[in-house]
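Have a look at the structure below, then the notes.
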Amino acid sequence: MHIPDSFIPLTQAIVYWVIAIPFIFMSMKWAKNELDEMKVPVLAALAAGIFAIQAMNIPIGMGTSGHMVGATLVAIVFGSPWAGVLVLTLVLLVQGFAFGDGGITTMGANILNMGIISGFVGYYTYVALRKSTGTSIAALGGAWLGLFISAIVCAVQMYIAGTFPLREGLIAMGTYHLIIGFIGEGLITAVVITAIAKSRPDLLEDNFTVRPEKSKKEAHA
Amino acid sequence: MSGKSNMKFFYLGIVIALLLSVLAPFLASPDPDGLESAAGGVIEESKMSELEEMEPALSSPMPDYSIEGMGKGGEVMAIAIGTIAVLAISFGLGKVFNKKA
């Protein structure tokens, strides 16, 4: 879903940067307040893993492929959507500057879609689902919806940019990302979160797996 | 959280990421991704070729995760370089923020 430079006119691309920058700033603030010696290696390992897995496009039929985005996964592990914004910003920076994957002018839009929208929708859907279902189903649902909504927003951006017609764009982006969201995002997020919940439940900063009588802050103290 | 086992997680993450870097050039689907595929379907042909001809705002050293003249080996290397760069940047950034706190 990496938007190239040519798909959005410069003025609009700047608007998406302006929207994304405060979120990037907040994600750095999150890092400053929350990261400690224990969490830095986890963050770095997840960031590297997400960069690599984004190179692994999975065929979804219809002559189309898709890959995981990963913002929801990072947000669930750290119990904060800001972690997802931070990691996706770093990944998109390297992808854009070193590999031409996603434009430089459109990087703001890409950070907005893949880091902010998919991470926030994914994480808060997970939190809502987690109240009534298990970790794996909630992770699958959150990651799936997060990716799908970000693709819908992307289709609307493409319409505003004059690149896609609205209806056809929504149908095509929606159809492909409903499938990519289930396989590439939902299933992988569910498998990884479930594996972490089983082997390292202490790593998940999620109030459901941490002792409930302790607040989040106390549990880390 | 124990520091020792988090380092285990760190090394496991690196191993998985590098394994993906090696496998991706061979296993990843060459089909266009969702956005490119949608673009191919909904944009008129003449406009599409116009968009494709436009140069990116900045030319990148390893476009499309490849190194010129190095084939699949170059792709493996490009993705591995990217993986290590992301690892180093996030680790470095984490350390900087950690020190300030």
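The values are calculated or read from the model by the stated rules, or taken from the named source; none is laboratory data. Because the structure is a prediction, the values reported are computed rather than measured. Here the Cβ is made from the backbone with ideal geometry for all residues, glycine too, and neighbour counts use every protein chain on show. Each accessible area value is taken on the protein alone, full model and side chains, heavy atoms only, with ligands, DNA and RNA left out. Shrake-Rupley method; radii C 1.70, N 1.55, O 1.52, S 1.80 Å.
Take the Cβ-Cβ distance between residue A:33 and residue A:97 as r, set R0 to 45 Å, and report the resulting FRET efficiency rounded to the nearest 0.05. Once the sixth-power term is evaluated, E becomes 0.95. Burial of accessible area (probe 1.4 Å, heavy atoms of protein chains only) in segment B:21-37, relative to its chain alone, reaches at least 10 Å² for B:24, B:27, B:28, B:29, B:31, B:32, B:33, B:34, B:35, B:37. Taking the protein heavy atoms of segment B:54-101 in the context of the full set of protein chains, the accessible area attributed to carbon and sulfur is 66 percent at 1.4 Å. Once the Cβ-Cβ distance between residue A:199 and residue A:166 is put in as r, and R0 is 45 Å, what FRET efficiency do you end up with, to the nearest 0.05? Step by step, r from the Cβ atoms, then E = 0.50. When only alpha carbons are used to place a centre, segment A:114-173 and segment B:16-87 end up 23 Å from one another.
How far, in degrees from 0 to 90, does helix A:135-160 lean away from the longest principal axis of the Cα atoms of chain A, to the nearest 10? On a 0 to 90 degree scale, this one is about 20. Restricting attention to chain B, lysine pairs at least eight places apart or on different chains and with alpha-carbon atoms under 29 angstrom apart total 6. If R0 equals 45 Å, the separation of the Cβ atoms of residue B:70 and residue B:8 corresponds to a calculated FRET efficiency of about 0.85. The A-B contact accounts for approximately 5000 Å² of buried accessible area, totalled over both chains at a 1.4 Å probe radius.
Taken over chain B, the percentage of Cα pairs per 10 Å bin, counting from 0 up to the bin with the maximum distance, is 12, 28, 30, 20, 9, 2. Each stretch of four or more DSSP H residues adds -39500 (n - 2.57); spread over every residue of the protein assembly as shown, this sum gives -22000 deg cm²/dmol at 222 nm. Return one number: the angle in degrees, 0 to 90 and rounded to the nearest 10, between the long axis of the Cα atoms of helix A:188-199 and the longest principal axis of the Cα atoms of chain A. The angle comes out at about 10 degrees.
Dipole of chain A computed with +1 at Lys/Arg Cβ and -1 at Asp/Glu Cβ about the Cα centre; of A:13, A:196, A:67, farthest Cα towards the positive end is A:196.
The fraction of accessible area contributed by carbon and sulfur in segment A:1-104 is 73 percent, rounded to a whole number (1.4 Å probe; ligands and nucleic acids excluded). Computed on chain A, with alpha-carbon pairs under 8 angstrom and 6+ residues apart, the relative contact order is 24 percent. Given 10 °C and 1.306 mPa s, compute D for chain A with the Stokes-Einstein relation, Rh being the Kirkwood radius over Cα pairs; round to the nearest whole µm²/s. The Stokes-Einstein estimate is 91 µm²/s. For the peptide B:5-11, the mean number of other protein chain Cβ atoms found within 10 angstrom of a residue's Cβ is 6.
For residue A:65, nonlocal amide neighbours, meaning residues 5 or more places apart or on other chains whose placed amide H falls under 5 Å from its own, are A:60, B:33, B:34. Solvent exposure of segment A:5-220, expressed per residue, is 36 Å² of accessible area, with all protein chains present and a 1.4 angstrom probe. Number of Lys-Lys pairs in chain A with C-alpha atoms under 28 Å apart and a separation of 8 or more places or on different chains: 19.
Applying both filters, DSSP loop and at most 13 other Cβ atoms within 10 Å, to the GluC sites (Glu not before Pro) of chain B gives B:44, B:68.
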